[in-house]
Structures are given as structure tokens and as C-alpha cells.
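To start, the structure under review is shown below, and the notes come after it.
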Amino acid sequence: MILKLYDAVEQHGSGAGYVEALTKSLTRQDMELLSEQGQKARVTCWSKGFVLVLARKVADLSRTVENDDELRIGIERLVVSVDGLFTKLPKGLSIDLSDLIMDVFNRATEILSQEGGKAGVPATILGKVIFDAARTR
């Protein structure tokens, strides 16, 4: 469900049609799940979701970009988008980015390994981007 929301935001941005795009991306079952779980959501659950979504997207970027500058820019955009998406979740939950750097790195590395890719996740790029994002909040 979180990946659906992220993909809708990526596709339509935050301009006109933003809310409509988000609404259309979710099924009735997704909305019921969000409503049901949102009331009893715990920060640890949403933090885990943040790690899983960010790691999946970082692994995808690591596999497809051509150079470190492209990867850094892609990860910066990704962190800002995902962080912005998570601020709109139930109860205004706040995710502590700096506490999750190693979890994101480890999970992204694991994803790449499981999928047999030769790409790697540069820890320095990921760490700097997340640290900078956390500092500018």
C-alpha cells in the first residue's frame, strides 16, 4: 500500500490532481486497512514501512543509475518524497531518518543480493543524503 502511494505521488507530484491521484491509486481494501490500522498505528510499524519502501526504491535506483551523482540526486528526491508521504500518515507520525540509515542500507543490500544483481548501495551517499534530510527538517 505504501509503495502504491509513493508511486502515485511520483507520477502526479503535489500539484493539481494530487489528492485525486492518491485516491485512485488505493483500492477499497487499502482504504479499510489504512483506516483500521491508522487508529492504532505505532511508530515502530511505520518506521519499518519506511525502511522497506526506501530500501526497495534505493535498490532499484542502485541497479539502474549510471553514476554516483545520478544516484545521489535520485536518493535525495526519493528521501524527500517518502518523508513527505509519511508526514501525511495517521496521527502525524514522524519518522527519525537518522536512526534508520543502517536499516535502509542493510535491507537495500539484501534486496540486491536476493535478486542476483551486481549493483551495490554506496553507504556514504545514502548516509549523507539521509543525514542532510534529517538535519533540514
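Return the total of residues in segment 59-76 being closer than 15 Å to LYS118 by Cα and more than 18 Å from the chain's Cα centre (by Cα). Before the answer, list the steps.
Taking segment 59-76 and keeping what is closer than 15 Å to LYS118 by Cα, we get 59-67.
Among the residues that remain, those that are also more than 18 Å from the chain's Cα centre (by Cα) are: 66-67.
Result for segment 59-76: 2.
Name the single residue that is most open to solvent (accessible area, probe 1.4 Å) among those in segment 107-119 being more than 15 Å from VAL53 (Cα to Cα) and either touching a His at 6+ places or on another chain (Cβ under 9 Å) or modelled with pLDDT of 80 or more (or both). Full working, then the answer.
Step one: of segment 107-119, the residues more than 15 Å from VAL53 (Cα to Cα) are 113-119.
Narrowing the set further to residues that are either touching a His at 6+ places or on another chain (Cβ under 9 Å) or modelled with pLDDT of 80 or more (or both) leaves 113-115.
Working: SER113: 86, GLN114: 128, GLU115: 96 Å².
By that ranking, first place goes to GLN114.
The values are calculated or read from the model by the stated rules, or taken from the named source; none is laboratory data. All of these numbers come straight from a predicted model, not from anything done at the bench. With ideal geometry, Cβ positions are generated from the backbone for all residues, glycine too; neighbour counts draw on all protein chains shown. These area figures cover heavy atoms from the full protein model, side chains too; ligands, DNA and RNA do not enter into them. Shrake-Rupley method; radii C 1.70, N 1.55, O 1.52, S 1.80 Å.
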